[in-house]
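These notes concern the structure reproduced below.
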Protein chains: 2
Amino acid sequence: MERDVVMREVGLRDGIQGITDFVETEDKLRWIRAEADAGMPEIEVTSYVPPKLLPQFADAEAVTRESLSVVGLKVAALIPNIKGAQRGFELGVHKLNFVMSVSETHNQKNVRRSRETSLEEFRSIVASAREIPSHKRPVICGGLATALGCSYEGKIEISEVVRWTVALLEAGADELIIPDTVGYAAPALVKQVFRAVLAEAGDIPVAAHFHDTRGTGLANLAAALETGVRHFDASLGGMGGCPFAPGASGNIVMEDAVYMLESMGLRTGIDIEKLIGVRDVVTKSLPNLRLDGAISRAGLPRGFSPATASAAA
Amino acid sequence: MERDVVMREVGLRDGIQGITDFVETEDKLRWIRAEADAGMPEIEVTSYVPPKLLPQFADAEAVTRESLSVVGLKVAALIPNIKGAQRGFELGVHKLNFVMSVSETHNQKNVRRSRETSLEEFRSIVASAREIPSHKRPVICGGLATALGCSYEGKIEISEVVRWTVALLEAGADELIIPDTVGYAAPALVKQVFRAVLAEAGDIPVAAHFHDTRGTGLANLAAALETGVRHFDASLGGMGGCPFAPGASGNIVMEDAVYMLESMGLRTGIDIEKLIGVRDVVTKSLPNLRLDGAISRAGLPRGFSPATASAAA
């Protein structure tokens, strides 16, 4: 499957971590399998946090093991620290996403440590990963929360984003994620930040993670695309929001993002109609969940056709 | 007031034309005055259609007259034909917006005539306007509905958009409006279409009118901005939708558009906080109306500051 853009579902982590009702393991897996079947290449399936902190992820081991049996799916998980990473190493998960904040205040509120201490933790994670034989070693991804603004500190200097980008790269990140944690960004800032990050990253993939808090989510995705970003996080129905960041709301809606990208001639490898069908799978398990989204309500345009190689070329 | 981008409120026409409950004249005027007070430079205040077709606009004369007394406000109205134009001429309205469709099928369904006949009507409107002394003559604006896709015909060839753009220009249009009537567009198409139209338009202002039916509204606005478009229609709370185009939903949300533009360093001349306050004015009159919008719910980012001349330069 050739893809021009790689989408990554984060609803099973970012989307449900704020929900106090435990989502049954089998319901999570139904969602994961249905979305993988629609062509989703990568899913962040859980978080290796202590279950007493986030009981929603008490079944992280079972979810990871079952997800790893889904053929062709890249299985990722969030990790808060080296202990989480070790859980991932044992499970053989494909990718570990570690996130620290560019905002010192947000980092303190979120993980109760300084940015320097978080960076030190990331270095330990990379060092531990490198002890694993390369064919079994997970991808270690470093993320920079609040890179596009912080609800505590307001604007974040681009020089600060660059500084921590370089720090993560020097620490050995295989990939980067740049999130707009609280949905502050508009397209002009997105271009500035991603151009600056991409200039440092070289061949290291850089993913964008937008929240649609202020309506600019898809505009920001389009702006990041123009800078060369080709990896995007989104969640089914726009589920999600960081419980530790006041004013944050959902991720960008996966269905709408895929629709927009395919309309632009960019192949996601995802079957948009099957993807829209995953909403039914999820709402059957979670009838109280509010799924946002425009394309599922409005329907595909008459004459719509998914992107083809020739269109994207 | 220097503006980098000119926003035009269309909620009082596009937004309420589908509502069967008559909005009282005084309620319309309260909305118009409040929005003008927030800095809105132009409002399409009504439509000169026969009241038996759209009773919502039975008070078009009163609304126009009172709007013309709002200092600094450019007052526009939609016209379906020469009869509507003559009502506008008598009232001394500042601008008349005539819309035909690039899609022959949509034009037939919408106004029950061919595109050629619509163009002929536009020529008569321009000819009549030119009999008015220039200092009292309204701006005559030609619009091309379905330019970005049609729910009857599907994709619209860009060559067709160019053909009818040239026809409107040759007929004497002072300005153009290019609407995504049914919300089919994604940013790539937006850029192609607006680049093609701008290439023909020369110094004639070209406005974009997007519907957010499939979530791409603000992304499309940002894409059009990049081609050089600086005039945009939107409606308070995203009200609206073409009752003659199945599947069309609301316009882009004015508050979110203004927020995004100001965040990008582009001056709209609109006070975003006052604009958000207009929602209260409108919902007081129309408590059953559903107003969408993200920025009014999420609030402005910490540290947000409106665009300044130096930022935009």
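Taken together, the values in this text are just the output of simple stated rules run on the coordinates, not laboratory data. Since the structure is predicted, the reported quantities are computational estimates derived from the model, not experimental observations. Note: ideal-geometry Cβ built from the backbone for every residue, glycine included; neighbour counts use all protein chains shown.
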Counting each DSSP H run of 4 or more residues in chain B as -39500 (n - 2.57), what helix-only mean residue ellipticity at 222 nm follows after dividing by all residues, to the nearest 500 deg cm²/dmol? -12000 deg cm²/dmol
Treat every Asp and Glu Cβ in chain A as -1 and every Lys and Arg Cβ as +1, leave all other atoms uncharged, and give the resulting dipole magnitude about the Cα centre to the nearest 20 debye. 200
Based solely on C-alpha atoms, express the radius of gyration and the Dmax of the range B:6-312 in angstrom. 18.0, 54
Enumerate by residue number the trypsin sites (Lys or Arg not before Pro) in the range B:31-90 meeting two conditions: DSSP loop (anything except H, G, I, E, B), and at most 16 other Cβ atoms within 10 Å of the site's Cβ. B:LYS52
For the protein assembly as shown, the Cα gyration tensor yields equivalent-ellipsoid semi-axes (√(5λ), largest first, whole Å) of 47, 24, 22
Using the Cα centre of the protein assembly as shown as the reference point, and only Cβ charges (+1 on K/R, -1 on D/E), how large is the resulting charge dipole? Debye, rounded to the nearest 20. 180
Top positive-direction residue, dipole computed over the range B:6-312 with Cβ charges, set B:VAL49, B:MET264, B:ALA199: B:VAL49
Relative contact order of chain B (C-alpha contacts under 8 Å, at least 6 apart) in percent is 20
Can you sort A:LEU12, B:LEU266, B:LEU176, A:LEU144 from fewest to most other Cβ atoms within 10 Å of each residue's own Cβ? B:LEU266, B:LEU176, A:LEU144, A:LEU12
Which links in B:LYS155/B:LYS191; B:LYS52/B:LYS136; A:LYS28/A:LYS274; B:LYS28/B:LYS52; A:LYS109/A:LYS155 stretch past 24 Å when you go from one Cα to the other? B:LYS52/B:LYS136
Of the residues A:ASP233, A:ASP14, A:ASP280, which exhibits the maximal mean-square fluctuation in a Gaussian network model of chain A defined by a 10 Å Cα contact cut-off? A:ASP280
Going from the fewest other Cβ atoms within 10 Å to the most, one would list B:GLU262, A:GLU255 as B:GLU262, A:GLU255
Working from the pairwise distances between different alpha carbons, so that the mean of 1/r is found and then inverted, what is the range A:179-313's Kirkwood radius in Å? 15.7
If you average the sequence gap of Cα pairs under 8 Å that are 6 or more apart and divide by the length of the range A:180-283, what percent do you get for the contact order? 26
What helices does chain A hold that run 15 Å or longer along their axis, going by alpha-carbon atoms, with a Kyte-Doolittle average of 0.5 or more, using DSSP H for the helix calls? A:158-170, A:187-201, A:217-227
Per the charge dipole of the protein assembly as shown (beta-carbon charges, Lys/Arg positive, Asp/Glu negative, Cα centre), the residue among A:ILE140, A:ALA234, A:PHE122 reaching farthest to the positive end is A:ALA234
Return the whole-Å distance between the Cα centroid of the range B:219-239 and the Cα centroid of the range A:195-215. 24
